[in-house]
Structures are given as C-alpha cells and as structure tokens.
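Chemist: My structure is below; once you've seen it, I'll send some questions.
Quick note: the coordinates plus some simple rules give every number you see, no bench work behind them. Here the structure is a predicted model, which is why all the values come from computation and not from measurement. Every residue, glycine among them, receives a Cβ derived from its backbone with ideal geometry; neighbour counts consider all protein chains shown.
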Amino acid sequence: MPNALPWLDAAPVLAACAAVAGFLRPRRGTAEVFLVGAGPGDPDLLTVAAVKALGRADVVLYDALVGPGILDLAPKSALRVFVGKRSGAHAMAQEAISALIAARAAAGKVVVRLKGGDPMMFGRAGEEIDHLKARGIPVTVIPGITAALGCAASAGVSLTRRGVAATVHFVTAHRCDAGATPDWSRLADPEGTLCVYMGKEQASAVRGGLLAGGLDPATPVLAIENGTRPDERRVSGPLSALPDLTAALGGGPALIIIGWAVAGAEASSPVSAALAG
C-alpha cells in the first residue's frame, strides 16, 4: 500500500525518540549528574524528563522549595540529602554542595540535583555546572517551570497583555553580596510587568524604589505564596500597600507580581479588599 503521506519522513522522529531513550538509559559506573527543575510546587507540573531522571536517581540533593510529593518519585533506595537555602539559614554552603555532587557522581552514582522552579533561574546552577565541568563530569540540565510562570498560570493572569504590558522582568530581591540590592527605580516601567523573587523581606525597599522611579502608587500588585500548591494564598492591592500585603502572607515562598497586567486578579484572602480600600 503506498504511503498516504509521502512527504512525512519518520526517520528523524524515530531518531529523536532513540536519543531520548539513550539519554535516560542507565550507564553503570559512569558519572552522571542531572540538574532538574522541580517546578513551582505541584508535582503534576514536572516534565516527563524530570520524572524519568528522578526514577533513575541513586542520590537526590534537594532544595527547600521542592514541593511535597516530588521526592516520592525517586526510588525508595535513593539517598536523599537536604541542601536547602532559606533566608538566614543554609543547610550547606554552596561549595560543599558542589563538592558533594562531584564526589557522588565520581563514585558512579546517578545524581539528581533537584532545584525548585527552573534550575537556571536564580538557582546557582552555573556554579555547580562549572565545578562539575572542571572535573570532567558530564551534566545534563532538565528545565522546569519557573515560579513566575507557575504562579501567574495558577492565578489565571497573563504576564503580558496587548496594549498594557509588553515586557516582563524577572528579578531577585535577595543578593548573595551583603548590602547589594537591585536598582528598583530603573525597573519602574509602567508598560511592563515586574516579577520579584524572594521579595517579602524587601517589600519596603521595593515599594520605595519603584515609587522613586515614577511608578504610580496605584499600580496593581499580586503576591502569591506557595504558588500551585494546595495551600496557595494570594493577596492583591496597590503598590503603595506592598509591605502590608506581604506581611499578610505566611512563612512560605512567595512571588510578587507588579504591573497593570495583573489588574483585577482574584485574590484568595480577605486582606486584599481592606488594603485596597
């Protein structure tokens, strides 16, 4: 029977599938490291590649922001090592984490370095990659959904909007060099959306800098805690009330979205109406 679709060559598709299968097939005794993005929290948002890599892991080094249930995808026999960093509390120094990854991989273990969100977004992945490459250890990066995209989707808001917001900026309010902060006034773009990672403790500085840069005090703000998780909480209000909004949240990880693209975003806390009034 003649091929009904003579223009379709299946060979490249089959070759790609074979490559993926080979990429995730165990190779005993070889050093293998996967830097895996765990996404914003919901295990259903993991990529297929992430699930497969976790299923092969001998060792999993995981961050504080890894959502519940994700570690369960690793074999029960896998060694789980918490190396999380939260403000003012580091389970392990970055140099020690990199050294541990290299040591386990050099011993022939399949090592999964599990990072919240996307491993290449504010996750120090570059330092770990450099450390491993310097020792001849291959490393594969498996991307994940970064917090800004996951939180925006969960809240049903678009980070860009025709005629309202044409640009998006991702910025972290927490810097490793003491005393250094972003120049918030330069980020005061009324036609853009600003996504602030790790910004709860810097809420006053964020507000002050953006207002000094000319941003309207009425600019909408949406703060999302534990985005995409069952205990997700959202508060919204104007930029002028930003410190009060973040203070109304609990102790979980939070993302702050600032800009007119989130105007009218539905909050999940009664504090929003009071602060907006």
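Chemist: Counting other beta carbons within 10 Å of each residue's own, what order do Val48, Val59, Val81 fall into, fewest first? Display every interim value, and only then the final one.
Modeler: On the way: Val48 10, Val59 21, Val81 18.
So the ranking, lowest neighbour count to highest, is Val48, Val81, Val59.
Chemist: Mind giving me the FRET efficiency for Arg161 and Arg186? R0 is 25 Å, r the Cβ-Cβ distance, nearest 0.05 is fine. Before the final figure, lay out each step's value.
Modeler: Working: r = 22 Å, r/R0 = 0.89.
Computed FRET efficiency for Arg161 and Arg186 comes out at 0.65.
Chemist: Can you give the local net charge around Arg80? Use residues other than it whose beta-carbon is closer than 14 angstrom to its beta-carbon, Lys and Arg +1, Asp and Glu -1.
Modeler: On the way: positive: Lys76, Arg104, Lys109, Arg113; negative: Asp58, Asp63, Asp72.
Its environment carries a net charge of +1.
Chemist: With Cβ to Cβ distances under 14 Å as the rule, what net charge do the other residues near Arg207 carry (K, R +1; D, E -1)?
Modeler: Details: positive: Lys200; negative: Glu201, Asp216, Asp244.
Cβ neighbours under 14 Å give a net charge of -2.
Chemist: Residues with amide H under 5 Å of Met121's amide H, sequence separation 5 or more or different chain, H placed in the peptide plane at 1.01 Å from N; which?
Modeler: none
Chemist: Over segment 42-120, what portion of Cα pair distances is larger than 17 Å, expressed as a whole percent? Intermediate values should be presented prior to the final figure.
Modeler: Values: 1351 of 3081 pairs.
Of all Cα-Cα distances in segment 42-120, 44 percent exceed 17 Å.
Chemist: While we're here: What are the ³J(HN,Hα) values, in whole Hz, obtained from phi via the Karplus relation 6.51 cos²θ - 1.76 cosθ + 1.60 with θ = phi - 60°, for each residue of segment 115-123 in sequence order, with x given for Gly and Pro?
Modeler: 10, x, x, 9, x, 8, 10, 6, x
Chemist: Pop a pseudo-label 7 angstrom from the Cα along the beta-carbon direction at both Val51 and Asp244 and give the gap in nm to one decimal.
Modeler: For the pair Val51/Asp244, the computed spacing is 4.5 nm.
Chemist: Return a whole-number percent for the relative contact order of segment 23-169, with Cα pairs under 8 Å and 6 or more residues apart as the contact set. Intermediate values should be presented prior to the final figure.
Modeler: Values: 272 pairs, mean separation 50.7, N = 147.
Relative CO of segment 23-169 lands at 34 percent.
Chemist: Would you list Trp184, Trp260 from fewest to most Cβ contacts within 10 Å? Walk me through the numbers on the way to the answer.
Modeler: Details: Trp184 22, Trp260 18.
Final ranking by Cβ density, sparse to dense: Trp260, Trp184.
Chemist: Mind listing the long-range amide H neighbours of Thr193? Cut-off is under 5 Å, sequence gap 5 or more, other chains count too, H placed in the peptide plane at 1.01 Å from N.
Modeler: Amide H to amide H, under 5 Å and 5 or more residues apart or across chains, Thr193 pairs with Thr167, Val168, His169.
Chemist: List the lysines whose Cα lies under 25 Å from the Cα of Lys109, skipping any in the same chain that are fewer than 8 positions away.
Modeler: Filter leaves Lys52, Lys76, Lys85, Lys133.
Chemist: Rounded, prolate or oblate: which one fits segment 147-276, using the alpha carbon gyration tensor with axes a ≥ b ≥ c (rounded when a/c is under 1.5, else prolate when a/b beats b/c, else oblate)? Present the calculation step by step, with values, prior to reporting the outcome.
Modeler: On the way: a/c = 1.34, a/b = 1.12, b/c = 1.20.
Cα axes put segment 147-276 in the rounded bin.
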